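Comments concern the structure below.
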Amino acid sequence: MSQLEQTAREKNQLQGTVVAVQANFYQVLLEPSSQQQINAVNFDSNYLLCTRRTRLKKIGQKVLVGDRVIIEEPDWQDGRGAIAKVQPRNTELQRPPIANADIILLVFALEEPSLDPWQLSRFLVKAESTKLQLCLCLNKCDLISQQQQQQWQQRLEAWGYSPVFVSAINNQGIEPLKSRLRGKIAVVAGPSGVGKSSLINNLIPSAQLRVGEVSGKLQRGRHTTRHVELFNIPDGGLLADSPGFNQPDLDCDPSDLALYFPEARTRLSQGSCQFNNCSHRDEPNCVVRGDWERYEYYRVFLDKAIANQKAQQNTPDQESSLKLKVKRSGKSQYEPRLASKKYRRLSRREKHQNLQELYCAGNINEIYEEAEDI
Ligand SMILES: Nc1nc2c(ncn2[C@@H]2O[C@H](COP(=O)(O)OP(=O)(O)OP(=O)(O)O)[C@@H](O)[C@H]2O)c(=O)[nH]1
Ligand SMILES: [Mg+2]
Ligand SMILES: [Zn+2]
């Protein structure tokens with residue numbers, strides 16, 4: 001038993017993970033360390049519906065889905081509790097707002113829609129840029145032959161990935177996938193229609209996500225747009241669905257791009273380029289440039305990342321740096337915007353911004369922001 005667990009037990013406190021937030025209520029999944037206390041009172045659930053202590057409100061401590069929390073004074077009769085403390089976060093994503101995510105479960109289909117290596121690479125680069133762990137899951141393997149599967153496997157291994165081949169409809173590969181997710185908080189990402197919801201329903205039958213239903217032109221699953229929720233995988237692990245999104249932007253720092261290709265990372269770990277700021281294009285004595293399949297992708301993505309960076313530098317975002325102030329006289333003028341809560345937060349958590357695009361589809365941001373501010 002850890003020191004933390006021991007202290008918690010002595011103080012009659014419980015530990016848990018927030019799995020859903022709605023209005024001022026937090027659904028908390030109690031940790032196995034609390035099982036003794038649960039058994040002692042014959043409580044028949046692993047969940048407590050909690051509020052947040054006023055003290056936390058006063059210090060502006062937000063509680064996010066994924067937060068590990070300490071609950072005090074559980075009311076077992078009503079299944080209620082109060083969150084007294086939020087443990088420090090390991091990671092924090094803005095959209096969807098999830099704390100402590102460990103791993104991105106990137107789902108693509110092998111067929112229907114057919115696997116496009118360029119689109120897959122865009123998602124991979126985006127996911128790599130979050131620095132979270134990555135699990136590549138290729139679904140609908142029932143639609144291709146054994147031989148085709150082997151070809152993909154070899155090709156992706158050469159890229160530096162070891163994908164899990166699954167079929168959400170006939171259970172293939174589900175066990176290996178479960179073992180990769182055990183004990184982790186995973187966030188699902190991937191384009192629309194690849195079977196993300198089907199896969200989650202397979203892993204967690206009680207999730208009952210809608211399948212094959214695409215809402216409007218934004219093409220995102222309906223269930224996921226309402227609120228963020230972590231589903232408990234019966235064999236261990238927590239999983240959040242996310243809306244489908246077809247083309248993440250390549251908006252990373254161009255000089256970091258090579259690090260998001262495992263093939264280039266390997267080459268850079270084995271040697272170094274002549275120039276520190278080598279862009280790995282035409283410079284002499286470059287260790288990255290070479291005969292690997294996705295070197296061409298790197299070049300194309302690099303051009304896009306550079307163009308993206310230039311476009312951002314050339315168009316100062318008036319909206320974000322200035323605000324329109326209407327004076328009493330009725331006249332209006334632009335004034336520098338003081339760092340608003342929203343912008344301050346974004347810059348502080350820059351590291352995680354990239355991931356947002358894996359999830360954002362249109363106005364889903366507003367929906368999340370609203371939910372967060374309730
Ligand atoms: N053949 C086959 N079809 C599948 C499999 N998994 C899902 N499908 C089908 O693929 C379609 C899309 O599945 P969804 O689970 O809704 O896909 P999604 O990724 O959640 O899509 P969005 O919510 O739009 O992002 C449905 O018609 C599923 O029945 C599979 O393993 N094999
Ligand atoms: Mg879906
Ligand atoms: Zn180089």
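The values are calculated or read from the model by the stated rules, or taken from the named source; none is laboratory data. Everything quoted here is computed from the prediction, not taken from an experiment. Here the Cβ is made from the backbone with ideal geometry for all residues, glycine too, and neighbour counts use every protein chain on show.
Would you check which residues across segment 10-64 are among the small types (Gly, Ala, Ser) and under 21 Å from ILE98 (Cα atoms) and list them? Show your work before the answer.
So the first thing to find is which residues in segment 10-64 are among the small types (Gly, Ala, Ser), and the list is 16, 20, 23, 33-34, 40, 45, 60.
Those that are among the small types (Gly, Ala, Ser) and under 21 Å from ILE98 (Cα atoms): GLY16, ALA20, ALA23, GLY60.
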(message) Among the numbered criteria (1) touching a strand residue (DSSP E or B) at 6+ places or on another chain (Cβ under 9 Å); (2) not in a loop (DSSP other than H, G, I, E, B), which one does GLY193 miss?
(response) (2)
(request) Tell me which of these LYS131 doesn't satisfy, since it passes every other one: (1) at pLDDT 95 or above; (2) not in a helix (DSSP H, G or I). (result) (1)
(message) What's the total number of residues in segment 11-30 that are more than 20 Å from ALA186 (Cβ to Cβ) and among the small types (Gly, Ala, Ser)?
(response) 1
(request) State which residue is nearest to ligand 1 (Cβ to nearest atom) when the search covers only segment 252-286 and only residues that are more than 25 Å from the chain's Cα centre (by Cα) and basic (Lys, Arg). (result) ARG267
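From LEU138, LEU124, LEU120, LEU106, which residue is under 23 Å from ALA158 (Cα atoms), in contact with a Phe, Trp or Tyr (Cβ under 7 Å, 6 or more places away or on another chain) and either part of a helix (DSSP H, G or I) or of a type in the set (Lys, Arg) (or both)? Before the answer, list the steps.
Working: LEU138 fails: either part of a helix (DSSP H, G or I) or of a type in the set (Lys, Arg) (or both); LEU124 fails: in contact with a Phe, Trp or Tyr (Cβ under 7 Å, 6 or more places away or on another chain); LEU106 fails: either part of a helix (DSSP H, G or I) or of a type in the set (Lys, Arg) (or both).
The unique qualifying residue is LEU120.
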(message) So if I check each of ALA207, ALA168, ALA109, which one is touching a residue at least 60 places away in the same chain (Cβ under 8 Å), among the aliphatic types (A, V, I, L, M) and more than 16 Å from ligand 3 (Cβ to nearest atom)?
(response) ALA109
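Looking only at segment 134-152, how many residues end up being without any contact (Cβ under 8 Å) to a residue 40 or more places away in the chain and under 30 Å from ASN90 (Cα atoms)?
We begin by selecting, within segment 134-152, every residue without any contact (Cβ under 8 Å) to a residue 40 or more places away in the chain; these are 134, 136, 138, 141-151.
Filter again for under 30 Å from ASN90 (Cα atoms), leaving 134, 136, 138.
Of the residues in that region, 3 qualify.
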(request) Would you be able to tell me the number of residues in segment 164-185 that are modelled with pLDDT under 95 and within 13 Å of LEU136 (Cβ to Cβ)? (result) 0
